[in-house]
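Take a look at the structure below.
The values are calculated or read from the model by the stated rules, or taken from the named source; none is laboratory data. The shown structure was predicted, so the numbers you read here are calculated from the model rather than taken from an experiment. A quick note on method: Cβ atoms are made from the backbone with ideal geometry, for glycine too, and the neighbour counts reach across all protein chains shown. The area values use the complete protein model at the heavy-atom level, side chains included, leaving out ligands, DNA and RNA. Shrake-Rupley method; radii C 1.70, N 1.55, O 1.52, S 1.80 Å.
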Amino acid sequence: MRYLIDNFADIAGFTRTHLYLALVPLLIGLVIAIPVGTAVRRVPWLRRVTATLASLAFTIPSLALFVIIPPLAGIATIDPLNVVIALSIYSVALLVIAVPAALDSVPAAVLDAADAIGYTRLRRSLTVEFPLALPVFVANLRVVAVTNISMVTVGALIGVGGLGKLFTQGYQRDYPDEIVAGIIVVLVVALVVDRVLFLIGRWTTPWLSPAKSMPGKRKSSPPGKRKSSLPGTRKSSPPGTRKLPWTRKLLGGAA
């Protein structure tokens, strides 16, 4: 913790770079994966081919991509764009599988009801399918975001900035405190981003929030304990405890 306090300015700069390298590929992945995933969902064979290619792309080691991309893209190996392109490939690979899976989670009865009231395919997709698919999609999006935050640290091995520099510098200088500080900050950043995406998902799906009681609503009494509200009714006494006037006289005379 002492290292974090003494080097707060440097760590803050590394964190900003880290967030840029992790979130920009996530946005690029969303722009590409949402239309592609929506299109291939309705064609079974194309969906299988897309899922296979995406799985193969995700299995490519990140260091191999960092070496292959620069000559193909005409950029330097230490260019941050190298990491952005590599993580964009990984983001698209994961999200293009997540989009059809999220759309599959929408109940068929809801889609039939939308068709029955005359919704066009585009209107049904925008106002029915996509909103109802958000819970599943946001769950997958959180996984991709945290994965990107973790994988950005590998970029430090090729000289790209980010929190991974704390690992490489700590290793080179044999300074464990710097490595531990890097681990702590990466975990905190991942947790914060994950929480923000979770809250965005809750905000965009208010119908999934726990129902709150209506203001001014009175609690109903449990069965068997409800009091009668009819006017003029009196509380009845248990059997054997109420004495009528003629019984009082009878008992008094007997006494």
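Label separation (V49 vs T120): 2.9 nm, computed from points 7 Å beyond Cα along the C-beta direction.
I need the trypsin sites (Lys or Arg not before Pro) found in the stretch 137-195, filtered to DSSP loop residues with at most 16 other beta carbons within 10 Å of theirs.
R173
The simple spin-label model puts a point 7 Å past each Cα toward its Cβ; for S150 and I200 those points are separated by 2.0 nm.
Please give the length that would be gained between D112 and V192 if that part of the chain were fully extended, namely 0.36 nm times their separation in residues minus their C-alpha to C-alpha distance (nm, one decimal). Can you show the working numbers first?
On the way: separation 80, 0.36 × 80 = 28.80 nm, distance 3.90 nm.
Roughly 24.9 nm would be gained on extension.
Quick check for you: with a 1.4 Å probe and neighbouring chains kept, what is the accessible area per residue of the stretch 1-207, in Å²? Walk me through the intermediate numbers first.
On the way: 11190 Å² over 207 residues.
Spelled out: the 1.4 Å probe surface of the stretch 1-207, per residue, equals 54 Å².
As an exercise, use a Förster radius of 30 Å and the Cβ-Cβ distance of T59 and R2 to find the FRET efficiency, rounded to the nearest 0.05.
Values: r = 40 Å, r/R0 = 1.35.
Here the calculated transfer efficiency is 0.15.
Looking at the stretch 1-69, the trypsin sites (Lys or Arg not before Pro) that sit in a DSSP loop and have at most 16 other Cβ atoms within 10 Å of their own Cβ are R42.
I need the calculated FRET efficiency for the pair V180 and A12, taking r as the beta carbon distance and R₀ as 25 Å, to the nearest 0.05. It would help to have the intermediate numbers written out before the result.
Values: r = 18 Å, r/R0 = 0.70.
It comes to 0.90.
Please report, as a whole percent, how much of the solvent-accessible surface of the stretch 1-207 comes from carbon and sulfur atoms (probe radius 1.4 Å). Carbon-and-sulfur percentage of accessible area, whole number: 71.
Here the stretch 1-207 has an Rg and Dmax of 19.9, 68 Å, counting Cα atoms alone.
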